[in-house]
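Undergrad: The structure is given below, and queries will be raised subsequently.
The values are calculated or read from the model by the stated rules, or taken from the named source; none is laboratory data. Note that the structure is predicted; figures quoted are calculated from it, not measured. Cβ: placed from backbone, ideal geometry, glycine included. Neighbour counts: every protein chain shown.
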C-alpha cells in the first residue's frame, strides 16, 4: 500500500481499529478514511453502498464487529449473529462493487471447533462442533471467511481473513458485564483495590488456558499482511488452490497461560493485595485455545509484546480513562 493510498478502516474506534489507526499514523499513511457508527451504520445496506460509491477506497480492513465475552455472547445471541452477518455482508459486497484492491477481514479464534487438537491450525476450521457459548458469533465469522473465499473464486478479488487470538490493549471495552477477560479483570481488580475489598470472584475454575495478543501487535500484523508482495499475498487467497483450505491466517503469540495465572498477573500489575476466588458455577468455555502461528511466522512476522509488558501498558491506558469507565 502506498502511503497516500485511500484506506478504509471499518470499526476504527474499537480495540483493533484504534490500534490500526495508531500503526497507520506511525508508518506514515496519510489518506485513511473512517466513519463513526453515528455517521455510517454498517448494518444498513443502502448507507454502506452510498459510502463505497462516494469514497471508493483502494484498501479495506474490516475490524467492525459486535464483540463481547461469554456473558455477552450468552445474553445477546441474536444480536451477535444478526449484526455481524449484516456488517460483513455489506462491506465485503460493496468492496467488490467498488473495485477494492485488497480487503482484510478480521475474525476470532472462536471460529475453530471447541475440542480440536492444540495448537490450532488453519486447516482445523469446520472439523468439529463449536463452543456453544459463542456459536452465533463464530458462525457469523465463518460466513465472513466463506464470503472472502467465494468472491476470490468467482470475481478474482484479493480478500484475506485474519484470525487473531484473544486481544487486549489500549482502547479496550471495560464494561462490567460485556467485556472480555483481561479488561474485565483489570476493572474488577482495580475497583477492588480502590474499595479495599478482601476478595474478588473470578468466573470459572481458573484451569482453562488462553493465549493473548497485544492489540498493537495485531495491528502491525494486519498492515504486514496488506503490504505483502503479490507473490506472497496471492497464494494466500485460495482462489486457485487445490488443497481445500480457505484464505485464512492465524495471528497470535503461540504461547498461552491458565486463567488463574492470568488473574494473578493482573493482580500483580494492578497492585491488588486481596484474595482471588474462582467461581466454578460459572462457565469455563473452551478449555484451551492456542493458535498455531507457524504459517504467519513463515510469512516473516512474529509478535513482539510479552504478556507482562502488554498488561502494564493496558493498565496504564485504563488509568488514563478511569473517570470515563468507572
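Undergrad: Would the stretch 147-154 turn up any residue that is without any contact (Cβ under 8 Å) to a residue 60 or more places away in the chain, out of contact with any strand residue (DSSP E or B) (no Cβ under 7 Å at 6 or more places or on another chain) and buried (at least 18 other Cβ atoms within 10 Å of the Cβ)?
TA: yes
Undergrad: Which residue pairs have Cβ atoms under 6 Å apart, sit 6 or more places apart or on different chains, and have a first residue in the stretch 74-96 that is on the phi > 0 side of the Ramachandran plot and a second that is at pLDDT below 95 and assigned to a helix (DSSP H, G or I)?
TA: Within 6 Å, no pair qualifies.
Undergrad: I need a count of the residues in the stretch 22-48 that are in a helix (DSSP H, G or I) and either touching a strand residue (DSSP E or B) at 6+ places or on another chain (Cβ under 6 Å) or without any contact (Cβ under 8 Å) to a residue 24 or more places away in the chain (or both).
TA: First, the residues of the stretch 22-48 that are in a helix (DSSP H, G or I): 22-26, 45-48.
Those left that are additionally either touching a strand residue (DSSP E or B) at 6+ places or on another chain (Cβ under 6 Å) or without any contact (Cβ under 8 Å) to a residue 24 or more places away in the chain (or both): 24-26, 46-47.
Number satisfying all stated conditions: 5.
Undergrad: Looking only at residues that are touching a helix residue (DSSP H, G or I) at 6+ places or on another chain (Cβ under 8 Å) and not in a helix (DSSP H, G or I) in the stretch 66-77, which one is farthest from residue 15 (Cα to Cα)?
TA: 69
Undergrad: Okay, moving on. Only one of 133, 127, 207 is surrounded by fewer than 23 Cβ atoms within 10 Å (Cβ to Cβ), in a loop (DSSP other than H, G, I, E, B) and in contact (Cβ under 8 Å) with a residue 60 or more places away in the chain; which? Steps first, please.
TA: On the way: 133 fails: in a loop (DSSP other than H, G, I, E, B); 127 fails: in contact (Cβ under 8 Å) with a residue 60 or more places away in the chain.
Going through 133, 127, 207 in turn, just one is surrounded by fewer than 23 Cβ atoms within 10 Å (Cβ to Cβ), in a loop (DSSP other than H, G, I, E, B) and in contact (Cβ under 8 Å) with a residue 60 or more places away in the chain: 207.
Undergrad: Could I ask something else about it? Against the conditions (1) in contact with a helix residue (DSSP H, G or I) (Cβ under 7 Å, 6 or more places away or on another chain); (2) at pLDDT below 95; (3) assigned to a helix (DSSP H, G or I), where does residue 223 fall short? Just the number, please.
TA: With respect to (1) in contact with a helix residue (DSSP H, G or I) (Cβ under 7 Å, 6 or more places away or on another chain); (2) at pLDDT below 95; (3) assigned to a helix (DSSP H, G or I), residue 223 is out only on (2).
Undergrad: One residue is enough: does the stretch 254-261 have a residue meeting the conditions modelled with pLDDT of 95 or more, surrounded by 21 or more Cβ atoms within 10 Å (Cβ to Cβ) and under 30 Å from residue 195 (Cβ atoms)?
TA: yes
Undergrad: Just one of (1) surrounded by fewer than 21 Cβ atoms within 10 Å (Cβ to Cβ); (2) on the phi > 0 side of the Ramachandran plot; (3) in contact with a strand residue (DSSP E or B) (Cβ under 9 Å, 6 or more places away or on another chain) trips up residue 169, so point out which.
TA: Status for residue 169: all satisfied but (1).
Undergrad: Here's a follow-up. Of the residues 140, 161, which is over 24 Å from residue 261 (Cβ atoms), at pLDDT 95 or above and out of contact with any strand residue (DSSP E or B) (no Cβ under 6 Å at 6 or more places or on another chain)?
TA: On the way: 161 fails: out of contact with any strand residue (DSSP E or B) (no Cβ under 6 Å at 6 or more places or on another chain).
Residue meeting the stated conditions: 140.
Undergrad: Would you be able to say whether some residue in the stretch 244-253 is closer than 24 Å to residue 72 by Cα, under 23 Å from the mean Cα position of the chain (by Cα) and part of a loop (DSSP other than H, G, I, E, B)?
TA: yes
Undergrad: Just checking, does the stretch 78-100 include any residue being part of a helix (DSSP H, G or I) and over 21 Å from residue 144 (Cα atoms)? Can you show your working first?
TA: As a first pass, look at the stretch 78-100 and keep what is part of a helix (DSSP H, G or I): 78-97.
Within this subset, residues satisfying the condition of being over 21 Å from residue 144 (Cα atoms) are none.
So far as the stretch 78-100 goes, no, none of its residues is part of a helix (DSSP H, G or I) and over 21 Å from residue 144 (Cα atoms).
Undergrad: Scan (1) over 30 Å from residue 283 (Cα atoms); (2) without any contact (Cβ under 8 Å) to a residue 60 or more places away in the chain; (3) in a helix (DSSP H, G or I) for the single condition residue 60 breaks and write down its number.
TA: Condition (3) is where residue 60 drops out.
Undergrad: Of all residues in the stretch 112-134, which are under 18 Å from residue 294 (Cα atoms) and touching a helix residue (DSSP H, G or I) at 6+ places or on another chain (Cβ under 9 Å)? Before you say what the answer is, go through the steps one by one.
TA: Initial filter on the stretch 112-134 (under 18 Å from residue 294 (Cα atoms)): 112, 116-125.
Correct list: 112, 116, 117, 119, 120, 121, 122, 125.
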